[in-house]
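The block underneath contains the structure these notes are about, expressed in structure tokens.
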Amino acid sequence: MEVGEKVAVIGGGDVAIDAARMVVRLGAKEVHIVYRRTREEMPANVEEIEEAEDEKIRLMYLVAPIRIITENGRVKGMECIRMELGITTSAGDVVPSR
């Protein structure tokens, strides 16, 4: 399997952590996990998160991808936005926190 030097994994669960750690073993030089919430809300196992950090995987919290940038059929980048936690109402609507 061909792995690029820079890899971004989107998500915060155990599978995202496993994928990030695997691409390190396959030769990626720089690996980022992009997650839309905070570490406290991350569903992945705490020990797995800590081991990923020990492997120099960079976890980026409150970040969400909005566009994948490609060139000649290959991913060249990812445009992201900063997220902000909000308060969920009883109806399930999210109201930005102040």
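What are the ³J(HN,Hα) couplings of segment 16-31, residue after residue, when phi is run through the Karplus curve with 6.51, -1.76, 1.60 and θ = phi - 60°? Round to Hz, x for glycine and proline.
Values per residue, Gly and Pro as x: 4, 4, 4, 4, 5, 5, 5, 5, 4, 5, 8, x, 5, 8, 9, 10 Hz.
Ratio of alpha-carbon Rg to the 2.2 N^0.38 Å globular estimate for segment 6-96, to two decimals, please.
1.20
Given H placed 1.01 Å from N in the peptide plane, which residues other than close sequence neighbours of I10 have an amide H under 5 Å from its amide H?
V34
For the pair N72 and V46, what calculated FRET efficiency results from E = 1/(1 + (r/R0)^6), where r is the Cβ-Cβ distance and R0 = 35 Å, to the nearest 0.05?
0.30
Where both residues lie in segment 6-96, what percent of DSSP beta bridges are antiparallel, nearest 5?
Counting DSSP beta bridges with both partners in segment 6-96, the antiparallel share is about 60 percent.
Could you work out [θ]222 nm for the chain from helices alone, using -39500 (n - 2.57) per DSSP H run of at least four and dividing by all its residues? Round to the nearest 500 deg cm²/dmol.
Numbers: 2 runs with 21 residues, N = 98.
That comes out to -6500 deg cm²/dmol.
Going by C-beta contacts inside 10 Å, put I69, I17 in order with the fewest on the left.
Fewest-to-most ranking of I69, I17: I69, I17.
Find which of V63, T88, A19 sits farthest along the positive direction of the dipole of the chain, computed with +1 on the beta-carbon of Lys and Arg, -1 on that of Asp and Glu, about the Cα centre.
Looking along the dipole axis, the top candidate is V63.
Amide H neighbours of R37 under 5 Å, at least 5 residues apart or on other chains, H built in the peptide plane: list them.
Amide H neighbours of R37: L62, V63.
What residues have an amide H closer than 5 Å to that of V31, excluding those fewer than 5 places away on the same chain, when H is modeled at 1.01 Å from N in the peptide plane?
Distant-sequence amide H within range of V31: V7, R58.
Using a 10 angstrom cutoff on alpha carbons, build the Gaussian network for the chain and name the most mobile of K29, K76, K56.
Maximum fluctuation in the GNM of the chain, among the listed residues, is at K76.
The numbers here are math on the coordinates, done by the rules we state, and not lab data. It should be emphasised that the depicted structure is a prediction, and the values quoted were computed from it without experimental measurement. Cβ coordinates were reconstructed from backbone atoms using ideal geometry, including for glycine residues, and neighbour counts include every protein chain displayed.
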